[in-house]
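Laboratory data are not the source of any read-out in this text; all were calculated from the coordinates shown. Just so you know, these numbers come straight off a predicted model, no measurement behind them. In this analysis, Cβ positions are derived from the backbone assuming ideal geometry, glycine residues included, and neighbour counts consider all displayed protein chains.
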Amino acid sequence: MQNLPHLVKRAHFSVRQAIDNSLAVYDLTSAQLEVLSRVANCSCMEHRALLQDMEVASPTLTKLVDGLVERGLVKRAVSPDDARVKLLELTAAGKGVHQEMNSFYQPFLERLLSDFSPAERLLFGELLERLIANADQIE
């Protein structure tokens with residue numbers, strides 16, 4: 001059990017690397033896909049909320065968003081209620097890429113979990129959720 005944190009970290013790294021390798025043909029990274037997915041789930045998302053959701057440093061998120069803006073996938077706007085609040089939303093091109101990524105994700109997940117039975121997949125997800133909940137309870 002001593003190497004459990006190492007295994008969790010290694011699993012995270014390996015899965016992220018596999019996603020990045022698979023996304024290379026789309027010229028996207030897993031981090032960029034995460035931004036697109038989170039912004040797509042809202043009609044308009046505050047930059048600050050995205051920062052909290054992703055739990056990354058502000059300069060890291062700014063660089064990710066800058067790259068997506070430059071590619072025309074995300075646009076920035078100022079909140080009509082508060083000019084200090086920066087909003088993010090997908091452009092039409094961003095919505096198209098997000099839709100395409102939805103069709104990418106399921107086959108990727110199937111390949112990743114190909115040797116897991118349906119019961120093992122369910123149990124694995126439940127165990128990960130419990131691990132996260134337990135870790136969140138530790139102060």
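Things worth noting here:
- On the stretch given as segment 21-45, residues that are touching a residue at least 12 places away in the same chain (Cβ under 8 Å) and either aromatic (Phe, Trp, Tyr) or in a helix (DSSP H, G or I) (or both) total 14.
Quick grid of which residues meet (1) assigned to a strand (DSSP E or B); (2) under 20 Å from the mean Cα position of the chain (by Cα):
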{"site": "PRO80", "(1), (2)": "no, no"}
{"site": "ALA83", "(1), (2)": "no, no"}
{"site": "LEU88", "(1), (2)": "yes, yes"}
{"site": "ASN102", "(1), (2)": "no, yes"}
{"site": "GLN106", "(1), (2)": "no, yes"}
{"site": "PHE116", "(1), (2)": "no, no"}
{"site": "ALA119", "(1), (2)": "no, no"}
{"site": "LEU127", "(1), (2)": "no, no"}
{"site": "ALA133", "(1), (2)": "no, yes"}
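- Residue identified as out of contact with any Ser or Thr (no Cβ under 8 Å at 6 or more places or on another chain), polar (S, T, N, Q) and over 23 Å from ARG111 (Cα atoms) among GLN17, GLN32, GLN52: GLN52
- Restricting the first member to segment 103-129 and to residues that are touching a residue at least 24 places away in the same chain (Cβ under 8 Å), and the second to residues that are surrounded by 12 or more Cβ atoms within 10 Å (Cβ to Cβ), the beta-carbon pairs closer than 8 Å and six or more apart or on different chains are PHE104/SER22; PHE104/LEU23; PHE104/TYR26; PHE108/ALA18; PHE108/ILE19; PHE108/SER22; LEU112/VAL15; LEU112/ALA18.
- Looking at VAL65, VAL74, just one residue is under 18 Å from ASN102 (Cβ atoms), without any contact (Cβ under 8 Å) to a residue 40 or more places away in the chain and not hydroxyl-bearing (Ser, Thr, Tyr), and that residue is VAL74.
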